[in-house]
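Worksheet: one structure, shown below.
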Amino acid sequence: MRVTVKLYATLGDYLPPGSKGNKVEIEAAEAAAVDTVLRPFSLPPKLTHLVLVNGVFIPPEARAATCLKDGDTLAVWPPIAGG
Amino acid sequence: MGWNRKVLRVNLTAGTCTPEPLNMAWANDYLGSRGLASKYLVSEIDPKVDPLSPDNKMIMATGPLTGTMASTGGRYTVVTKGALTNAIACSNSGGFFGAEMKFAGWDMIIFEGRSPKPVYLYVENDKAELRDAAHLWGKTCWQTEETIKASHQDPLIRVSSIGGAGENQVLFACIVNDLHRAAGRSGVGAVMGSKNLKAVAIRGTKGVSGIKDFPAFLAAANAGKKVLADNAVTGQGLPKYGTQVLMNVINEMGALPTRNHRDVQFEEAGKISAEAMHEKRPTDGKPHLVTNAACFGCTIACGRISKIDETHFSVKNSPQYWGASGGLEYEAAWALGAANGVGDLEALQYANLLCNEHGMDPISFGATVGAAMELYDLGILSREQIGVDAKFGSAEALCQLVEMTAKGEGFGKELGLGSARLCAKYGRPELSMSVKGQEFPAYDSRGIQGMGLAYATSNRGACHLRGYTVASEVLGIPVKTDPLVTDGKPELVKAFQDATGVFDSAGICIFTSFAWTLADVQPQLQAACEGDWSMDKLNAVGERIWNMERQFNLAAGLSAKDDDLPPRLKTEPAKSGPAKGLVNGLDKMKPEYYKVRGWTPDGVPEKATLERLGL
């Protein structure tokens with residue numbers, strides 16, 4: 001299946017070289033879990049803070065069991081804030 | 001003791017400047033800045049006063065931590081009855097002006113009456129005098145600051161001024177200090193303009209003395225700074241990316257108001273985000289962002305200093321805008337961008353520059369343009385009426401309209417009324433995305449439910465800085481809550497509102513609260529100020545301030561019916577994203593909120609609540 005992985009702020013450095021717009025589309029195993037899809041990016045655990053699947057927050061304890069489906073968007077931010 | 005114990009009262013009608021002692025009994029109950037200045041205001045003016053009449057007063061106030069070594073201790077507030085809202089207004093600004101007021105020996109300056117001719121206040125330590133400002137009237141905020149510094153031959157003077165927007169009573173005019181910091185919201189600049197007060201220029205060389213227990217204060221301030229430095233948000237995220245890093249988050253969550261809240265996701269959000277500010281432009285190979293910047297005493301440094309693309313249509317013939325200057329911050333980038341469907345980063349920076357230069361709140365300006373673009377889209381306003389082809393997404397229209405509004409030309413005069421009055425004038429009041437006359441900031445309350453309640457009940461009209469539940473609902477600070485549900489939000493909103501009152505009144509920046517709780521502020525206040533500043537007391541101060549502001553608004557004629565959202569947010573479901581199909585659940589949250597607050601079902605504080613708070 002194809003999923004879009006978006007890595008923002010400092011995590012943008014972990015995208016493959018040449019990635020545009022803070023995102024990359026990848027091929028993943030059917031029903032792969034969030035943690036599984038993110039593993040190849042080698043994100044520092046402390047910076048893997050805000051994880052959204054199609055805009056919905058996935059808490060840390062649910063990331064190993066939350067399975068993605070074809071066409072999903074997985075977006076990740078380090079700790080950030082604004083106002 | 002934190003405070004200087006000294007107030008400067010400036011009667012603009014009589015042309016007098018009179019020192020008086022700070023009311024320390026009130027300082028003990030309201031702390032400083034927002035709380036204390038509001039206590040003075042509500043005690044001295046008729047709540048029903050016309051905000052632009054001489055009978056309104058305007059107070060510039062510092063807090064006990066302003067000017068000290070506490071991190072971010074550079075804040076000051078402008079408290080008055082708001083021109084845009086007809087409600088109590090408190091606009092908060094950073095930069096260096098607030099600390100300078102403290103260094104000159106003053107806690108606050110109360111302006112009353114109206115000068116018969118344009119004047120500016122010059123303060124040099126104990127000396128304070130009104131000076132003729134005929135030569136400054138008509139000048140921009142930037143020119144005013146430069147002219148005052150040159151005429152006094154002192155580049156270290158700090159200046160807070162209005163531009164043409166304040167002079168011309170643009171109802172969302174702001175007061176700008178240090179070129180690009182502003183007391184931005186609720187039209188405080190229009191009030192200043194109505195008083196013929198062009199600027200306040202201060203030079204203070206006394207420093208801050210009288211900290212109650214200096215060794216304890218130094219230890220507490222240093223401990224606070226370590227918390228900020230060690231926190232990933234305040235130590236890394238905000239300095240590198242600024243507030244604008246939220247653009248992609250809020251868009252992804254389906255809570256980025258787009259095209260006057262018709263949509264909740266903006267297809268060009270990435271182009272106006274913090275990440276885009278770091279990308280090299282094809283035209284000159286340089287990123288938009290030049291550096292970050294800090295206000296007085298700040299160890300976070302979230303401010304953005306950027307350089308516009310010299311080849312962009314907005315400035316290619318205007319080299320005066322080519323230098324590095326303030327912006328873009330998240331709110332401005334959203335209001336000038338997504339709110340209008342404009343995805344041109346350079347155009348947003350140009351509009352932002354003009355807002356700073358002429359003294360306009362970019363949130364209310366941008367959102368008012370969004371409302372005008374919807375009226376245009378619906379055929380209610382014509383191209384002839386507006387003077388430009390004001391279609392959603394037009395960067396050209398945005399740039400022309402900001403010039404027209406700043407200069408009070410053509411349709412710009414109507415935009416200067418703000419969206420509520422503009423939409424009412426053209427028979428479609430429901431298209432104004434505002435509460436109590438003030439436009440929403442950058443969070444759609446269909447996707448972040450708690451913010452709907454925070455907006456509706458904000459004492460200064462729609463605002464994110466009166467109860468920023470985004471911190472919890474989106475960012476997980478201090479704990480993560482579900483943004484799509486209403487359960488628990490009344491308690492959450494109240495907690496944020498009360499705590500914010502304390503941060504604002506202490507003289508520090510609310511952004512510290514991404515890392516600090518009140519428990520981090522408390523030891524700093526306790527060491528700086530005489531008296532008891534326990535956690536229990538601080539919690540009571542925050543709640544007291546909120547209820548005092550509420551009492552003023554009720555006496556001014558506002559009521560529970562004004563604690564409401566535009567029908568769009570309560571009846572038109574979000575079209576996309578996680579909140580697809582949802583409207584805001586204000587009607588469910590509001591009665592519960594009143595109960596949690598100790599208010600009647602009509603939103604009036606119960607007698608027992610007032611007695612408990614000593615009101």
Let me check the size of the protein assembly as shown from its C-alpha atoms; what are the radius of gyration and Dmax in Å?
24.0, 79
Could you give the distance between the Cα centres of the range B:220-261 and the range B:26-48, to the whole Å?
31 Å
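Determine the relative contact order of the range A:2-77: mean sequence separation of Cα pairs under 8 Å and six or more apart, normalised by residue count, in whole percent. Could you put the intermediate results ahead of the total?
Numbers: 123 pairs, mean separation 34.7, N = 76.
It rounds to 46 percent for the range A:2-77.
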Sequence order, the range B:245-253: Karplus ³J(HN,Hα) from phi using 6.51 cos²θ - 1.76 cosθ + 1.60, θ = phi - 60°, Hz rounded, Gly and Pro as x, gives 4, 6, 3, 6, 4, 5, 5, 4, 6
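Which order results if B:LYS607, B:LYS225 are arranged by neighbouring Cβ count within 10 Å, fewest first?
Working: B:LYS607 10, B:LYS225 19.
Going from sparsest to densest Cβ surroundings: B:LYS607, B:LYS225.
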Most positive-pole-ward Cα, A:VAL56, A:THR36, A:LEU11, against dipole of the range A:2-77 from beta carbon charges
A:LEU11
Output the Cα-based Rg and Dmax of the range B:177-218 in Å, rounding Rg to one decimal and Dmax to a whole number.
16.5, 45
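Which of B:LYS102/B:LYS240; A:LYS6/B:LYS480; B:LYS81/B:LYS117; A:LYS20/B:LYS286 have a Cα-Cα distance over 26 Å?
On the way: B:LYS102/B:LYS240 30 Å; A:LYS6/B:LYS480 21 Å; B:LYS81/B:LYS117 22 Å; A:LYS20/B:LYS286 17 Å.
Correct reply: B:LYS102/B:LYS240.
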What does the average come to when, for each residue of peptide B:470-476, you count the partner chain Cβ atoms lying within 10 Å of its Cβ?
4
Debye sum, Cα scatterers, the range B:442-482, no solvent: what log₁₀ I/I(0) at q = 0.15, 0.23, 0.26 1/Å?
-0.30, -0.67, -0.82
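Looking at the P(r) of the range A:2-77, how many percent of alpha-carbon pairs lie beyond 22 Å?
In whole percent, the share of Cα-Cα pairs in the range A:2-77 beyond 22 Å is 11.
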Given the C-alpha centroids of the range B:471-499 and the range B:282-333, what is the distance between them in whole angstrom?
33 Å
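Could you work out the relative contact order of chain B, using alpha carbon pairs under 8 angstrom and six or more residues apart, expressed as a whole percent? Display every interim value, and only then the final one.
Working: 1529 pairs, mean separation 97.1, N = 615.
Computed value for chain B: 16 percent relative contact order.
Over all distinct alpha-carbon pairs, what is the Kirkwood Rh of the range B:473-592 in angstrom? Before the final figure, lay out each step's value.
Working: mean 1/r = 0.0596 Å⁻¹.
One over the average 1/r among Cα pairs gives 16.8 Å for the range B:473-592.
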What is the pair-distance distribution P(r) of the range B:319-455, computed from all Cα-Cα distances in 10 Å bins starting at 0, with each bin given as a whole percent?
13, 45, 33, 8, 0
Per the rule of 0.36 nm per residue minus the C-alpha distance, extending B:ALA608 to B:ALA25 adds in nm 207.7 nm
For chain B, just the Cα set please: Rg and Dmax, both in angstrom.
22.3, 67
Per-residue Cβ contact counts at 10 Å, fewest first, order B:TRP322, B:TRP546 as B:TRP322, B:TRP546
Run the quick spin-label model on A:ARG2 and B:GLU396: label points 7 Å from Cα toward the beta carbon, then report their separation in nm to one decimal.
3.6 nm
Take peptide B:264-276, look around each residue's Cβ out to 10 angstrom, count Cβ atoms belonging to other protein chains, and average those counts.
2
Could you tell me whether the range B:180-253 comes out rounded, prolate or oblate from its Cα gyration tensor? Rule is a ≥ b ≥ c as square roots of the eigenvalues, rounded for a/c under 1.5, then prolate if a/b exceeds b/c, otherwise oblate.
oblate
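Rank the residues B:ASP29, B:ASP587 as a footprinting-exposure proxy: fewest other Cβ atoms within 10 Å of their Cβ go first.
Numbers: B:ASP29 20, B:ASP587 14.
Listing B:ASP29, B:ASP587 from fewest to most nearby Cβ atoms yields B:ASP587, B:ASP29.
Each value in this text was obtained by applying a stated rule to the coordinates, not by laboratory testing. Values in this document were obtained by computation on a predicted structure and should not be read as measured data. Reconstructed Cβ throughout: ideal geometry from the backbone, glycine too, with neighbour counts over all protein chains shown.
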